[in-house]
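Asker: What follows is a single structure, and I will ask about it in a moment.
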Amino acid sequence: MAQQRPTACLALADGTVFFGQGFGATGQAQAELCFNTAMTGYQEIMTDPSYAGQVVTFTFPHIGNVGVNPEDDETAEPVAAGMVVKWDPTDPSNWRAAESLSDWLTRRGRIAIGSVDTRRLTRAIRQQGAPHVALAHDPEGRFDVGALVEAARAFPGLEGIDLARDVTCPQSYRWDEMRWAWPEGYVRQTDPRFRVVAVDYGAKRNILRCLASAGCEVTVLPATATAEEVLAHEPDGVFLSNGPGDPAATGDYAVPMIREVLERDMPLFGICLGHQMLALALGARTIKMNHGHHGANHPVKDLETGKVEITSMNHGFTVDSQTLPEGVVESHVSLFDGSNCGIRVADRPVFSVQYHPEASPGPQDSYYLFERFAAAMAARR
């Protein structure tokens, strides 16, 4: 049997090159390369705004087998720059499938490469850190490898880059859709108890659904919202969303707003980039990780209860726990590497976590955090 001609090429900045079979859109993209260990949820991962500026390597080989459908998008369009998989996607075999993964990527302008040794690639990411890459798909198999390597080297990286402005909503809007439940699917929140302003640094839809399911009437504001704009809605609490890029860069405009909101002593809850924004506002620092945390099986320990939660994570920066100021308590840590996964302000209803309690994809061990936020708003009343 004749060997297939490669139709896609992944070039790393160190000169390493992987050839494979392309699917999805044609063309070329430059980005940082990460790997994700989740066994489900490739559609949610590709549409998670936190993956802006990144190509995702999936360590689980069965990618594409359940197709895609409009209900599982975490935002309107895919945000990740591309995807790398071991096996070429098969035709979807799931009752919810509305489209194949390849057709969906083609229509959405995202490049993918299959037939890649993802174990070797994952080891390279772990050993050398998240590399800069160029990913190209050409059905004719014509690649200028030298030019691709140079394109990877020219990628500026994510340090010092504010990407929240690129993925935030252009204007404010209301959200009332709640979590998916059988058999109704998504239903509306018709009897909210709390008014919440959610600051959108790249918010996933399922986070907003979890807030609605916890009894919140949610008003979403752009990442650049000022404290005056946030407080004008007279919220019972403020939520800081997930998002991409370097938190220190986004903090240039987000931190002053958060500090002013903190002066009002109202409940405040942050997730992922929102967690990092809160830490910066409180006086801590953030640092770039070697290869980050991306997956749905990350064990996190609650230092105050001893409980271990299996969580979903997606971040390449972390809060440096050694810089947490007096009065700010480290509440959660990763059992993989001991990195910070949560903080709270002593004697105040202000807390945040690095991981994703809304899952999507992932386990739902940590949904209680949304209920804790609601309880804090009820207590303040």
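Asker: GluC sites (Glu not before Pro), restricted to the range 154-259: which are DSSP loop and have at most 12 other Cβ atoms within 10 Å?
Answerer: Sites meeting the loop and neighbour criteria: 184.
Asker: Excluding ligands, DNA and RNA, what is the solvent-accessible area per residue of the range 193-255 at a probe of 1.4 Å, expressed in Å²?
Answerer: Roughly 25 Å² per residue, with all protein chains present.
Asker: Please give the contour-minus-distance gain from residue 62 to residue 229: 0.36 nm per residue of separation, less the Cα-Cα distance, rounded to one decimal in nm.
Answerer: So the extension gain works out to 55.6 nm.
Asker: What figure, in Å² to the nearest 10, do you get for the accessible area of residue 5 with a 1.4 Å probe and non-protein molecules left out?
Answerer: That residue has around 150 Å² of solvent-accessible surface.
Asker: Rounded to the nearest 5, what % of the DSSP beta bridges within the range 1-95 are antiparallel ones?
Answerer: The answer is about 40 percent antiparallel.
Asker: Right, next: I need two numbers for the range 222-381: Rg to one decimal and Dmax as a whole number, Cα atoms only, in Å.
Answerer: Considering the range 222-381 through its Cα atoms, Rg and Dmax are 14.6, 43 Å.
Asker: A further question follows. Taking 2.2 N^0.38 Å as the expected size of a compact globular protein, what ratio does the Cα radius of gyration of the range 183-238 give against it, to two decimals?
Answerer: For the range 183-238, the normalised Cα radius of gyration comes out at 1.17.
Asker: If the elastic network links every pair of Cα atoms under 10 Å, which of 137, 315, 62 fluctuates the most in the Gaussian network model of the chain?
Answerer: Result: 62 has the largest fluctuation of those listed.
Asker: What accessible area per residue, rounded to a whole number of Å², is obtained for the range 296-381 using a probe radius of 1.4 Å?
Answerer: Here the residues of the range 296-381 average 40 Å² of exposed surface.
Asker: At 1.4 Å probe size, with every protein chain present, just tell me what the per residue accessible area of the range 3-74 comes to in Å².
Answerer: 32
Asker: Treating the beta-carbon of each Lys and Arg as +1 and of each Asp and Glu as -1, no other charges, what is the dipole magnitude of the chain about its Cα centre, to the nearest 20 debye?
Answerer: The dipole of the chain has a size of about 540 debye.
Asker: Give me the count of lysine pairs in the chain whose alpha carbons sit under 27 angstrom apart, restricted to pairs 8 or more positions apart or on different chains.
Answerer: Summing the qualifying lysine pairs gives 5.
Asker: Using a/c under 1.5 as the rounded threshold, could you call the range 45-154 rounded, prolate or oblate? The axes a ≥ b ≥ c are square roots of the C-alpha gyration tensor eigenvalues, and prolate needs a/b larger than b/c, oblate otherwise.
Answerer: prolate
Asker: Nearest 5 percent is fine: what portion of the DSSP beta bridges confined to the range 56-199 is antiparallel?
Answerer: Once the DSSP bridges in the range 56-199 are tallied, antiparallel ones form about 40 percent.
Asker: Still on this structure, I have one more. Computed from these coordinates, which is Cα extents along the principal axes in Å: (1) 66, 48, 35; (2) 72, 47, 39; (3) 58, 53, 39?
Answerer: Derived directly from the coordinates: (2).
Asker: Who wins for biggest fluctuation among 231, 148, 221 in a Gaussian network model of the chain, springs between alpha carbons below 10 Å?
Answerer: Its mean-square fluctuation being the largest, the pick is 231.
Asker: Rounded to the nearest 5, what % of the DSSP beta bridges within the chain are antiparallel ones?
Answerer: 60
Asker: Across the Cα atoms of the range 301-348, what radius of gyration and what greatest pairwise Cα-Cα distance (Dmax) are found, in Å?
Answerer: 11.1, 30
Asker: Another question, then. Where a ≥ b ≥ c are the square roots of the eigenvalues of the C-alpha gyration tensor, would you call the range 288-381 rounded, which needs a/c under 1.5, or, failing that, prolate if a/b is larger than b/c, or oblate?
Answerer: oblate
Asker: If you don't mind, another one. Name the trypsin sites (Lys or Arg not before Pro) in the range 69-115 that are in a loop by DSSP and that have at most 16 other C-beta atoms within 10 Å, would you?
Answerer: Sites meeting the loop and neighbour criteria: 96.
Asker: Summarise the accessible area of the range 214-362 (1.4 Å probe, protein heavy atoms) by the percent that is carbon and sulfur.
Answerer: Of the solvent-accessible surface of the range 214-362, carbon and sulfur hold 47 percent.
Asker: Is the shape of the range 98-153 rounded, prolate or oblate, going by the alpha carbon gyration tensor and its root eigenvalues a ≥ b ≥ c, with a/c under 1.5 for rounded and a/b larger than b/c for prolate?
Answerer: oblate
The values are calculated or read from the model by the stated rules, or taken from the named source; none is laboratory data. In this text the structure is predicted, and so the values were computed from the model without any measurement. With ideal geometry, Cβ positions are generated from the backbone for all residues, glycine too; neighbour counts draw on all protein chains shown. To get the accessible areas, we keep the full protein, side chains included, count just its heavy atoms, and leave off ligands, DNA and RNA. Shrake-Rupley method; radii C 1.70, N 1.55, O 1.52, S 1.80 Å.
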